[in-house]
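Working notes, structure below.
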Amino acid sequence: MAAQTEESDTAREQTKAEQDVDQVRQRATRDQQRLDSGAITSPKDLENLQHEIASLAKRQGDLEDVVLEVMERRESAQERVAELTERVGAVQGKVDDATARRDAAFEEIDGEVATVTKEREVIASAVPADLLKLYDKLREQQGGIGAAKLYQRTCQGCRQELAITELNEIRRAAPDTVVRCENCRRILVRTAESGL
């Protein structure tokens with residue numbers, strides 16, 4: 001935006017400088033025509049007119065130098081605008097690509113959520129209501145994880161190794177008994193890798 005503003009400011013400045021050059025050039029042309037017409041006969045008026053024509057020529061040269069300097073600044077500003085526009089386009093392309101990838105990931109996640117939700121409903125229908133109620137309560141209390149695998153005598157929910165007395169109680173419990181971690185209170189899922 002700043003580069004575009006600079007470019008438009010220098011464009012206005014160039015237009016004004018060119019108008020100033022045109023005004024001086026037109027006045028010098030009129031004065032030269034008056035001089036060439038022979039209408040002025042007074043030597044003093046002729047001398048003044050020649051002096052004014054010389055002054056206008058110098059002024060015109062100075063103004064043309066200003067125009068050139070402004071044109072150079074404008075060209076530099078235009079190059080900067082073009083460079084920044086290209087960079088903005090490249091960044092916007094990356095943003096669009098990232099947005100498309102994000103949207104695709106959301107779509108994939110939503111699909112997985114729908115599939116897992118259906119699978120959970122099927123499994124939950126086979127679980128006793130009181131156990132499901134306990135699991136849901138623990139999930140809410142424990143940041144979304146109500147049950148954890150017991151792996152090598154360690155609860156995978158809180159990552160704490162169970163005490164030997166607790167492990168002995170779990171060994172003695174029937175396979176269908178619900179056992180819980182003494183540390184985090186999650187339901188422990190026993191497998192062949194539990195270390196019992």
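The values are calculated or read from the model by the stated rules, or taken from the named source; none is laboratory data. The model shown is predicted, which means the values in this text are computed figures rather than measured ones. Don't worry about glycine lacking a Cβ; one is built from the backbone with ideal geometry, like all the others, and counts go over all protein chains shown.
For region 153-195, residues that are buried (at least 17 other Cβ atoms within 10 Å of the Cβ), out of contact with any strand residue (DSSP E or B) (no Cβ under 6 Å at 6 or more places or on another chain) and in a helix (DSSP H, G or I) total 1.
Residue-by-condition table, conditions (1) in the same structural domain as residue 64 (by TED's automatic domain parsing); (2) in contact with a Gly (Cβ under 9 Å, 6 or more places away or on another chain); (3) assigned to a helix (DSSP H, G or I); (4) without any contact (Cβ under 8 Å) to a residue 24 or more places away in the chain:
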residue: 8; (1), (2), (3), (4): yes, no, yes, yes
residue: 15; (1), (2), (3), (4): yes, no, yes, yes
residue: 19; (1), (2), (3), (4): yes, no, yes, yes
residue: 22; (1), (2), (3), (4): yes, no, yes, yes
residue: 25; (1), (2), (3), (4): yes, no, yes, no
residue: 28; (1), (2), (3), (4): yes, no, yes, no
residue: 34; (1), (2), (3), (4): yes, no, yes, yes
residue: 39; (1), (2), (3), (4): yes, no, no, yes
residue: 45; (1), (2), (3), (4): yes, no, yes, yes
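Of the residues making up region 134-152, those that are of a type outside the set (A, V, I, L, M, F, W, C) and in a loop (DSSP other than H, G, I, E, B) are 142, 143, 144, 146, 152. Scanning region 113-132 for any residue that is under 29 Å from the mean Cα position of the chain (by Cα) and not assigned by TED's automatic domain parsing to the domain that holds residue 182 turns up at least one such residue. Tell me the residue from 127, 179 that is modelled with pLDDT under 90 and aliphatic (A, V, I, L, M), please. Only one candidate passes the filter, namely 127. Go through the residues of region 58-80 one by one and say whether even a single one is of a type in the set (Gly, Ala, Ser) and either loosely packed, with under 10 Cβ neighbours inside 10 Å or farther than 26 Å from residue 22 by Cβ (or both). Scanning region 58-80 turns up no residue that is of a type in the set (Gly, Ala, Ser) and either loosely packed, with under 10 Cβ neighbours inside 10 Å or farther than 26 Å from residue 22 by Cβ (or both). Counting residues in region 99-122 that are under 18 Å from residue 191 (Cα atoms) and part of a helix (DSSP H, G or I) gives zero. Taken as a whole, the structure places residue 77 among residues that are under 27 Å from the mean Cα position of the chain (by Cα), under 30 Å from residue 5 (Cβ atoms) and not hydroxyl-bearing (Ser, Thr, Tyr).
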